[in-house]
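The values are calculated or read from the model by the stated rules, or taken from the named source; none is laboratory data. In this text the structure is predicted, and so the values were computed from the model without any measurement. Here the Cβ positions follow ideal geometry from the backbone for every residue, glycine too, while neighbour counts run over all protein chains shown.
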Amino acid sequence: MNLENKNTHFNNKLLINNYSHIGGSMKRFIRLFLFVAIAAMFGYNSTLAQTKGIVDVSGRIAPGDVRIFTKDSIYRFNNQYIVAGTLIIEPGTRVEFNPQGKLVDSVGGRIIADGSASAIYKSNPTIGGNTTN
């Protein structure tokens, strides 16, 4: 091998080492980007879970009508709610009853709820931020 070939070989080896270093930096950047993206998605989902909208429920479901309570909202019964049609409550849905809140299953009405039930009684519930007795 002559001197010119040695220099070319050395320069090629140097270029390959530089490219592999750049590739390593790029891999680290991609990994960091993916980690941040996944962490942001989990943070966004937990934020959504903490900020469920509250739906005040009163009135009635007419015969033949269907209403679905989804788990992404909290349903609060402040007054009487008559079910003459069909009420479907998804598993994991939170339903709250204030002191005057009632759920009435009328003739021909159906309430469909799959899941487990739990109850918490508060002697002084708050309505709109005001404590009631």
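Output the residues belonging to segment 70-107 that are among the small types (G, A, S) and either farther than 21 Å from I120 by Cβ or surrounded by fewer than 17 Cβ atoms within 10 Å (Cβ to Cβ) (or both). Step through it out loud before you land on a result.
Start the filter on segment 70-107 by keeping residues that are among the small types (G, A, S), which leaves 73, 84-85, 92, 101, 106.
Correct list: S73, A84, G85, G92, S106.
Contact list please: Cβ distance under 6 Å, first residue in segment 70-93 and on the phi > 0 side of the Ramachandran plot, second residue part of a loop (DSSP other than H, G, I, E, B) and among the basic types (K, R), pairs at least six apart or on different chains.
Note: pairs meeting the criteria are G92/K71.
Could you say whether any residue in segment 58-68 is basic (K, R), surrounded by 10 or more Cβ atoms within 10 Å (Cβ to Cβ) and at pLDDT below 90? Give the steps one after another, and end with the answer.
Residues of segment 58-68 that are basic (K, R), as a first pass: 60, 67.
Going one step further and asking which of them are surrounded by 10 or more Cβ atoms within 10 Å (Cβ to Cβ), we end up with 60, 67.
Retained after the next criterion (residues that are at pLDDT below 90): none.
Within segment 58-68, none of the residues are basic (K, R), surrounded by 10 or more Cβ atoms within 10 Å (Cβ to Cβ) and at pLDDT below 90.
Anything in segment 107-122 that is over 30 Å from the mean Cα position of the chain (by Cα) and without any contact (Cβ under 8 Å) to a residue 40 or more places away in the chain? List them, or say none.
First, the residues of segment 107-122 that are over 30 Å from the mean Cα position of the chain (by Cα): 107-109.
Listed by number, the list holds a single entry, V107.
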